[in-house]
Amino acid sequence: MMKKVLLLANGPGELWCWVRPMVKALKTRGYGVTIGLLPCQFSSGEEVRLASSLGADRVFGPYFFLKSAFKMLNDDSDLVLQLGGDLLYGLMASRGKKPFFCYTYAPKPLMEKTDLVMTAWESPLMPKSVPVGDLTSDALAMDEGSSPWKEEGSFHLVFFPGSRPAIRRASFKFLSEVKDALGRLVDNVEITTALSPFASEGEVNEWEEAGLAPSIAGTRVILERADLALTQPGTNTLELMHLGVPTIVAVPFRFLEHVPLGGLKGIFLETPFLGKMIKGKFLRRAADSRRDFLAWPNRIAKEMIMKEVVGDIAPAELAQVLAELMLDKKERLRQKERLISLAEREKVAEKILFLIEERIC
């Protein structure tokens with residue numbers, strides 16, 4: 001009899017880079033698959049549309065907490081695999097009776113309630129977890145589309161404006177100014193803007209009209225001929241790592257008001273008037289006092305591989321940083337070699353499924 005799996009996820013990164021390859025692996029082995037979308041302050045608003053295109057048998061959510069809890073408590077799947085979000089939902093869906101598995105990059109509350117925690121890399125913070133590799137590498141192997149690059153012999157630069165609509169809207173004018181400033185510093189540069197699969201058709205047209213050459217091809221297709229990328233912190237830094245693309249990770253403070261925050265802190269700082277007034281100050285202080293790296297490859301290697309630029313940086317200043325790295329072939333080669341040394345080429349989804357089947361068969 002076909003077993004039914006409930007895959008739980010929340011934000012766009014987990015859905016596209018983790019759920020997508022897991023659905024493929026599960027369906028290949030004959031499992032029934034339901035995707036449960038959880039409430040998420042980082043959502044793009046397009047999760048239902050994208051989740052419905054991944055080949056699952058059923059998609060539900062996201063709902064507010066009480067309705068989500070009701071759906072979990074009445075779920076009829078045979079096992080639960082959580083790939084993002086609060087583990088309380090997975091615990092409710094399993095009800096202590098079904099096998100409950102989790103894949104995560106970092107520690108989470110309630111991990112001890114799962115049957116197995118799997119992670120990308122060994123972590124002293126999760127001593128009982130099983131490292132299986134990064135699912136993002138599997139997702140990249142699934143990417144399709146036509147290469148956006150038109151000019152042979154030019155320097156290929158990729159802009160990543162992010163998966164969240166508010167930040168993409170805020171970065172539209174900023175990246176246009178970066179492009180114009182860069183054109184005054186360096187010749188023969190072709191720019192492609194890698195738009196998120198969560199972007200709408202109308203948004204693609206806007207970026208096209210601005211001369212920012214948007215592409216909705218798969219990230220792997222875009223990056224295979226890229227020389228350099230400009231991005232923000234997030235899953236994109238892992239995609240860039242796996243494909244060995246030198247990168248500048250930028251956090252201009254003018255975008256801080258659009259940065260979503262989790263937990264009660266996030267709820268308070270998003271409230272009108274007082275919360276909105278202090279959010280920028282709170283994030284500036286946090287950025288100034290931070291000790292950790294922002295880019296995932298830097299965090300994994302515990303060293304600065306991708307250059308991180310944080311602060312009140314203007315488009316012309318960021319263009320200058322980009323131009324310097326474009327002209328520094330030695331530094332770009334160093335980045336590329338270090339990133340490739342961290343990258344993986346394993347079938348991670350199949351490894352996860354093997355570990356699950358060991359415990360349920």
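The values are calculated or read from the model by the stated rules, or taken from the named source; none is laboratory data. All values derive from a computational prediction rather than experimental measurement. Glycine gets a Cβ as well: all are built from the backbone with ideal geometry, and neighbour counts include every protein chain shown. What goes into the accessible areas is simple: the full protein's heavy atoms, side chains included, and nothing from ligands, DNA or RNA. Shrake-Rupley method; radii C 1.70, N 1.55, O 1.52, S 1.80 Å.
Simple point charges give the picture: +1 on the Cβ of Lys and Arg, -1 on the Cβ of Asp and Glu, and for the chain a dipole about the Cα centre of about 1220 debye. For volume of the Cα convex hull per residue in Å³, computed directly from the structure shown, the correct entry in [x] 169; [y] 129; [z] 140 is [z]. Note on Glu208 and Cys361: their simple-model spin labels are 4.8 nm apart, each label 7 Å out from Cα toward Cβ. Diffusion coefficient (Stokes-Einstein, Kirkwood radius over C-alpha pairs, 20 °C, 1.002 mPa s) for the stretch 140-243: 154 µm²/s, rounded to a whole number. For the stretch 142-161, the residues whose amide N sits under 20 Å from a probe point set 7 Å from the Cα of Leu185 along the beta carbon direction are 154-161.
Loop-located chymotrypsin sites (Phe, Trp or Tyr not before Pro) across the stretch 37-144 with a Cβ neighbour count of 11 or fewer within 10 Å are Phe64, with loop assigned by DSSP. Stokes-Einstein diffusion for the stretch 40-107 at 25 °C, viscosity 0.890 mPa s, with a Kirkwood radius from C-alpha pairs, works out to 187 µm²/s. Available extension along the chain between Ser341 and Leu125 is 75.4 nm, counting 0.36 nm per residue and deducting the alpha carbon span. The share of accessible area on the chain that comes from carbon and sulfur is 55 percent, using a 1.4 angstrom probe.
Could you tell me what a quarter of the Cα convex hull surface of the stretch 2-59 works out to, in nm² with one decimal place?
Seen from a random direction, the Cα hull of the stretch 2-59 projects 3.4 nm² on average.
The count of lysine pairs in the stretch 1-89 that are at least 8 places apart or cross chains, and whose C-alpha atoms lie under 18 Å apart, stands at 5. Computed over the chain, relative contact order equals 16 percent, with contacts defined as Cα pairs under 8 Å that lie 6+ residues apart.
On a per residue basis, the convex hull of the C-alpha atoms belonging to the stretch 300-357 measures out at 135 Å³. Largest GNM mean-square fluctuation across Arg49, Arg20, Arg168, computed for the chain with C-alpha springs under 10 Å, falls on Arg49. Percent relative contact order of the stretch 74-229, based on C-alpha pairs within less than 8 angstrom and at least six residues apart? Reported relative contact order: 19 percent.
On full extension, the segment bounded by Glu317 and Ser146 gains 58.3 nm, given 0.36 nm per residue less the C-alpha separation. The residues of the chain expose on average 48 square angstrom of accessible surface per residue, using a 1.4 Å probe on protein heavy atoms.
For Thr193, the residues whose modelled amide H falls within less than 5 Å of its own, excluding neighbours fewer than 5 places apart on the same chain, are Phe159, Ser215.
Between the alpha-carbon centres of the stretch 117-158 and the stretch 299-361 there is a gap of 9 Å. Counting only lysines at least 8 places from Lys302 when in the same chain, those with an alpha carbon closer than 18 Å to its own are Lys336.
Helix 165-183 and the long axis of the chain differ in direction by around 30°, with both axes built from C-alpha atoms. Relative to the dominant Cα principal axis of the chain, helix 315-327 is inclined by about 90°. Projected over every direction and averaged, the convex hull enclosing the alpha-carbon atoms of the stretch 27-181 yields 12.9 nm².
Proximity of backbone amide H atoms, modeled 1.01 Å from N, is registered between Met118 and Cys102, Tyr103, Thr104, Val130 at under 5 Å, excluding neighbours fewer than 5 places apart on the same chain. Taking 0.36 nm per residue of sequence separation and subtracting the Cα-Cα distance, how much length would be gained by fully extending the chain between Val309 and Ser53, in nm to one decimal? Between Val309 and Ser53, full extension yields an extra 88.6 nm.
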